[in-house]
1. Suppose R0 equals 22 Å; then what is the FRET efficiency for Arg65 and Ala9 from their Cβ-Cβ distance, rounded to the nearest 0.05?
2. Could you tell me which trypsin sites (Lys or Arg not before Pro) in segment 1-43 are loop residues by DSSP with no more than 15 other beta carbons within 10 angstrom of their beta carbon?
3. Could you do me a favour and compute the accessible area per residue for the chain, 1.4 Å probe, result in Å²?
4. Debye calculation, C-alpha points only, no solvent: report log10 I(q)/I(0) for the chain at q = 0.12 Å⁻¹, in the same order as the q values.
5. So how much slack lies between Ile37 and Thr23, counting 0.36 nm per residue of separation and subtracting their Cα-Cα distance, in nm?
6. Sequence gap at least 6, Cα distance under 8 Å: using those rules, report the relative contact order of the chain to the nearest whole percent.
7. Rounded to a whole number, what % of the accessible area of the chain do carbon and sulfur atoms account for, probe 1.4 Å?
8. From the phi of every residue in segment 28-38, what ³J(HN,Hα) in whole Hz does the Karplus formula 6.51 cos²θ - 1.76 cosθ + 1.60 yield, where θ is phi - 60° and glycine or proline is x?
Amino acid sequence: ASRIGHPDAGAVTLDVNGERRQTGDLNQMIWKIPEMIAELSRYFDLQPGDVIMTGTPSGVGAVTRGDVMDAQIEG
């Protein structure tokens, strides 16, 4: 956050085992990033590299042990 701030727009994708499962944009989220981090920080010790998975763009599906998940945020 100190380097790039809190983005409020940008593509968000999730691939499972090399297959694109979800695509969305940060601007579609009801709760903004700073709000989510502040609330979750009340209960959890968040560290660099942690992934906060919220909401459900189309494409939701089960994952199983051994699946490889690749989540990305544009920029």
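1. Efficiency for this residue pair is about 0.05.
2. Arg3, Lys32, Arg42
3. Per-residue value: 81 Å².
4. Results for the chain at q = 0.12 Å⁻¹ read -0.37.
5. 2.9 nm
6. With pairs under 8 Å counted, the relative contact order is 45 percent.
7. 54
8. Ordered by residue, 3J(HN,Hα) equals 8, 7, 5, 8, 7, 3, x, 5, 5, 4, 4 Hz.
The values are calculated or read from the model by the stated rules, or taken from the named source; none is laboratory data. Quick caveat, the model's predicted, so the values are computed rather than measured. Glycine gets a Cβ as well: all are built from the backbone with ideal geometry, and neighbour counts include every protein chain shown. Ligands, DNA and RNA are excluded from the accessible area calculation, which covers all protein heavy atoms including side chains. Shrake-Rupley method; radii C 1.70, N 1.55, O 1.52, S 1.80 Å.
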